[in-house]
Amino acid sequence: MLKLTKLATAAALVAAGSAAMAGEVEVLHWWTSGGEAKSVGELKRIMQGKGHTWKDFAVAGGGGDNAMTVLKSRVVAGNPPAAAQIKGPGIQEWASEGVLANLDATAKTEKWDSLLPKVVADVMKYKGNFVAAPVNVHRVNWMWANAAVLKKTGVAGTPKTWDEFFAAAEKVKKAGLIPVAHGGQNWQDFTTFESVVLGVGGAKFYSDALVKLDQKTLTSATMTKSLETFRKVKAYTDAAAPGRDWNLATAMVIQEKAAFQFMGDWAKGEFTAAGKVPGKDYICAAAPGTASAFTFNVDSFAMFKLKDAAAQKAQADLAAAIMGTEFQEVFNLNKGSIPVRLNMDMAKFDDCAKLSSKDFVETAKSGGLLPSIAHGMAVIPAAEGAIKDAVSQFWNNDKMSVADGVKSIAKAAATK
Ligand code: GAL
């Protein structure tokens, strides 16, 4: 038995060697919208250029909830992909199961420690070893607006406070257009919610409530005000919002059917794919009250332990490519995000990306740089899921009182 295994291993090594170590790399992600697909297509191109075979494992569903369910079943069945889009504290959870590969050799050769902000590098490591490679920095607290719609409905300038926002929304509504393009899916409700909490309460409040999950903060008067504001935003969405995909909501803004969307800058990937120009066709502005803060969402690929030597080589090449300058530029130009690799040339990026890049650096110093709870950056997945459900229950049920909404969100936040 032992001999057979040894023989098989030797044969596999010879076979792998003769194929110049070209391997297959299976990559799980949920990037299926126009801008997303273009972005991931660049990674495929780079990997194929290195002679590897790209096996696309796309699981549709914005925010990745479906993808995570499918991933769990594949790993439990002992058949993980080479890489999967796993983010934030979720990386630690997967690593603690002992299923992730150690990427230190690649990280050392490519000098990841000196090329990444420390806050990001720490998330990519488990017990000091790299187990994931980051691709970008998305900013979540954006508000997208169609410039022509604002003009024709008489909205002068982008609203900077929630009061200004509701005044603008009223004008758009009166003109017969949809003020807020929204997709009623839990993760989209949650995305809007975190921007409202940040705008109403400020950076410290957000951090205490949605990162530290402090019960006192979660049940405070500011939380009540946040929920009141959140409900008011809903009044400006259309009746067809439930179930709508986020990119279709973005399309409503692109097509001048709606004025605003609260969404991270993957929405910019849709504007870009549609040939729209920021500052001319559309406006990117921080969600009301959030200009001096930045909720970050770092996409990353965790790598799974693989047995086959050629597959391991392809996996290491994938990790190196992800952090390489070519990928960091072309991917992020399409995706709407900014490079996570430090000291990248931003010349080819648009004004929204330049603003994001500037605010990322500034908020890191001011304390306004905050992890997005809606996108897996802030708390463990169990707590995130519970709060997300509670937020959507409140959003979907206009009969639930604000006081009950506050209570149920605070209760969900206690999930361990
Ligand atoms: C986020 C992800 C982004 C974007 C979005 C919508 O969670 O970080 O890259 O794709 O979902 O699918």
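The values are calculated or read from the model by the stated rules, or taken from the named source; none is laboratory data. Keep in mind it's a predicted model, so treat the numbers as computed, not measured. All Cβ positions, glycine included, derive from the backbone under ideal geometry; neighbour counts span all protein chains shown. Ligands, DNA and RNA are stripped out before the accessible areas are found, and what is left, the full protein with its side chains, is counted by its heavy atoms. Shrake-Rupley method; radii C 1.70, N 1.55, O 1.52, S 1.80 Å.
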Residues that are open to solvent by 60 Å² or more (accessible area, probe 1.4 Å): list the helices (runs of 4 or more DSSP H) wholly contained in the range 95-193 that include at least 3 such residues. 104-109, 118-124, 162-174
Every listed condition ((1) crowded, with 19+ Cβ neighbours inside 10 Å; (2) in contact with a helix residue (DSSP H, G or I) (Cβ under 7 Å, 6 or more places away or on another chain); (3) within 20 Å of Leu213 (Cα to Cα)) holds for Ile380 save (1)
Residues of the range 217-256 satisfying the condition of being in a helix (DSSP H, G or I), under 25 Å from Lys276 (Cα atoms) and of a type in the set (A, V, I, L, M, F, W, C): Trp246, Leu248, Ala249, Ala251, Met252, Val253, Ile254
Please work out if Leu355 is open to solvent by 10 Å² or more (accessible area, probe 1.4 Å), more than 18 Å from Ala101 (Cα to Cα), within 16 Å of the ligand (Cβ to nearest atom) and in a helix (DSSP H, G or I). no
Considering only the range 225-251, how many residues are open to solvent by 20 Å² or more (accessible area, probe 1.4 Å), within 22 Å of Asp404 (Cα to Cα) and aliphatic (A, V, I, L, M)? 1
Looking only at the range 204-217, count how many residues are closer than 13 Å to Ile373 by Cα and open to solvent by 20 Å² or more (accessible area, probe 1.4 Å). 5
Total residues in the range 72-89, condition open to solvent by less than 10 Å² (accessible area, probe 1.4 Å) and within 16 Å of the ligand (Cβ to nearest atom): 5
Of the residues in the range 95-138, how many are more than 24 Å from Val361 (Cα to Cα) and of a type outside the set (Lys, Arg)? 17
For Leu333, all conditions in the list (1) within 16 Å of the ligand (Cβ to nearest atom); (2) in contact (Cβ under 8 Å) with a residue 24 or more places away in the chain; (3) surrounded by 23 or more Cβ atoms within 10 Å (Cβ to Cβ) hold save one; what is the number of the exception? (3)
Among all residue pairs at least 6 apart or on different chains, which show Cβ distances below 7 Å where the first residue, located in the range 254-265, is of a type in the set (Lys, Arg) and the second is open to solvent by 10 Å² or more (accessible area, probe 1.4 Å)? Lys257/Leu177; Lys257/Ile178
When you check Ser220 against the structure, is it surrounded by 21 or more Cβ atoms within 10 Å (Cβ to Cβ) and of a type in the set (S, T, N, Q), yes or no? no
Picking from Ile380, Ile338, Ile322, Ile373, which residue would you name as being within 14 Å of the ligand (Cβ to nearest atom), under 18 Å from the mean Cα position of the chain (by Cα) and over 20 Å from Glu36 (Cα atoms)? Ile373
Please go through (1) under 25 Å from Pro381 (Cβ atoms); (2) in contact with a Gly (Cβ under 6 Å, 6 or more places away or on another chain) for Thr217 and return the number of the only condition it doesn't satisfy. (2)
